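Asks: Before I ask anything, let me first share the structure, which is written out below as structure tokens.
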Amino acid sequence: MRLLVVRHGETPWNVENRVLGRTDVPLNERGRAQAAELARHLADERICAVFSSPSSRAFETAEAVAAGRGLTVVPDDRLLERDFGIYEGTPRGGEEYQAAKRQFFKRLPEGESYGDMFVRVGSFLEDLRSGALGEFGPDDTVLVATHGGVGRIVASLFQDMEDEEFASFVMANCEALEFEL
């Protein structure tokens, strides 16, 4: 099965370069335009299912792709962004946040670790692979609309990454990564 992992469109907090995890910040106008462009770009893809983080920014991005295909977007909490705890809404370039971000398996204060994310994202992928989320064949394409942090986890499960590569991994808004599951 072909897996397309898509990061949501742009939000006001992305523009402000603020840490954005569980706060439900919607797409801005540019983000909606990015989602529409993504849908046009993927128009010829034979996508048979669309899953999404339940956050409005990811769900709206997923709906743009699903529209006109007769597909219902299926929300899944395991696709939520990392819980950044006390760092939520703070400047992304903040020294304290940047140091904490590189402690991959230590839980952020009042938040979660990347290890926590590996467990939940891995569980979603295993359910997708095993057929628990629907029967998909080797030629089927499934789209997952989610967040940059989840994209980082998925990418690291499919390719070796050094620590710094993992820490600095970035997906652009509405960027799609492709994997064989």
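Derivation of every value follows stated rules applied to the coordinates shown; laboratory data play no part. All values derive from a computational prediction rather than experimental measurement. Here the Cβ positions follow ideal geometry from the backbone for every residue, glycine too, while neighbour counts run over all protein chains shown.
Asks: Regarding residue 81, is this residue touching a residue at least 24 places away in the same chain (Cβ under 8 Å), surrounded by 22 or more Cβ atoms within 10 Å (Cβ to Cβ) and assigned to a loop (DSSP other than H, G, I, E, B)?
Replies: In short, yes.
Asks: Do we have residue 23 as part of a loop (DSSP other than H, G, I, E, B) and either buried (at least 18 other Cβ atoms within 10 Å of the Cβ) or among the hydroxyl-bearing types (Ser, Thr, Tyr) (or both) here?
Replies: Against the criterion (part of a loop (DSSP other than H, G, I, E, B) and either buried (at least 18 other Cβ atoms within 10 Å of the Cβ) or among the hydroxyl-bearing types (Ser, Thr, Tyr) (or both)), residue 23 qualifies.
Asks: Take residue 179 and decide whether it is among the hydrophobic types (A, V, I, L, M, F, W, C), within 15 Å of residue 3 (Cβ to Cβ) and either buried (at least 18 other Cβ atoms within 10 Å of the Cβ) or touching a residue at least 12 places away in the same chain (Cβ under 8 Å) (or both).
Replies: Criteria met by residue 179.
Asks: Additional query: Of the conditions (1) surrounded by fewer than 17 Cβ atoms within 10 Å (Cβ to Cβ); (2) within 14 Å of the chain's Cα centre (by Cα); (3) part of a helix (DSSP H, G or I), residue 170 satisfies every one except a single condition; which number is it?
Replies: Only one criterion in (1) surrounded by fewer than 17 Cβ atoms within 10 Å (Cβ to Cβ); (2) within 14 Å of the chain's Cα centre (by Cα); (3) part of a helix (DSSP H, G or I) is unmet by residue 170, namely (3).
Asks: Can you tell me how many residues in region 156-176 are touching a residue at least 40 places away in the same chain (Cβ under 8 Å) and either over 18 Å from residue 61 (Cβ atoms) or among the small types (Gly, Ala, Ser) (or both)? Explain how you work it out, then say what you get.
Replies: Going residue by residue through region 156-176, those that are touching a residue at least 40 places away in the same chain (Cβ under 8 Å) are 163, 166-167, 171-176.
When the remaining residues are screened for being either over 18 Å from residue 61 (Cβ atoms) or among the small types (Gly, Ala, Ser) (or both), the result is 163, 166-167, 172, 176.
Qualifying residue count, region 156-176: 5.
Asks: Please specify each residue of region 126-166 satisfying the condition of being touching a helix residue (DSSP H, G or I) at 6+ places or on another chain (Cβ under 7 Å), of a type outside the set (Gly, Ala, Ser) and under 27 Å from residue 71 (Cα atoms).
Replies: Scanning region 126-166 gives 133, 142, 143, 144, 146, 147, 150, 152, 153, 154.
Asks: For region 73-125, which residues satisfy the criterion of being among the β-branched types (Val, Ile, Thr) and closer than 21 Å to residue 24 by Cα?
Replies: Once the filter is applied, which keeps residues that are among the β-branched types (Val, Ile, Thr) and closer than 21 Å to residue 24 by Cα, region 73-125 yields 73, 74, 86, 90, 121.
Asks: Scan region 58-73 and give yes if some residue there is assigned to a strand (DSSP E or B), under 14 Å from residue 146 (Cα atoms) and over 14 Å from the mean Cα position of the chain (by Cα), otherwise no.
Replies: yes
Asks: If you take the residues in region 37-57 that are touching a residue at least 24 places away in the same chain (Cβ under 8 Å) and assigned to a loop (DSSP other than H, G, I, E, B), which one is surrounded by the most Cβ atoms within 10 Å (Cβ to Cβ)?
Replies: Checking each candidate, the answer is 55.
Asks: Next up: Out of all the residues in region 2-23, which are at negative phi and in contact with a Pro (Cβ under 9 Å, 6 or more places away or on another chain)? Working first, answer last.
Replies: Here is the first cut: in region 2-23, the ones at negative phi are 2-16, 18-23.
Result: 2, 11, 12, 16, 18, 19.
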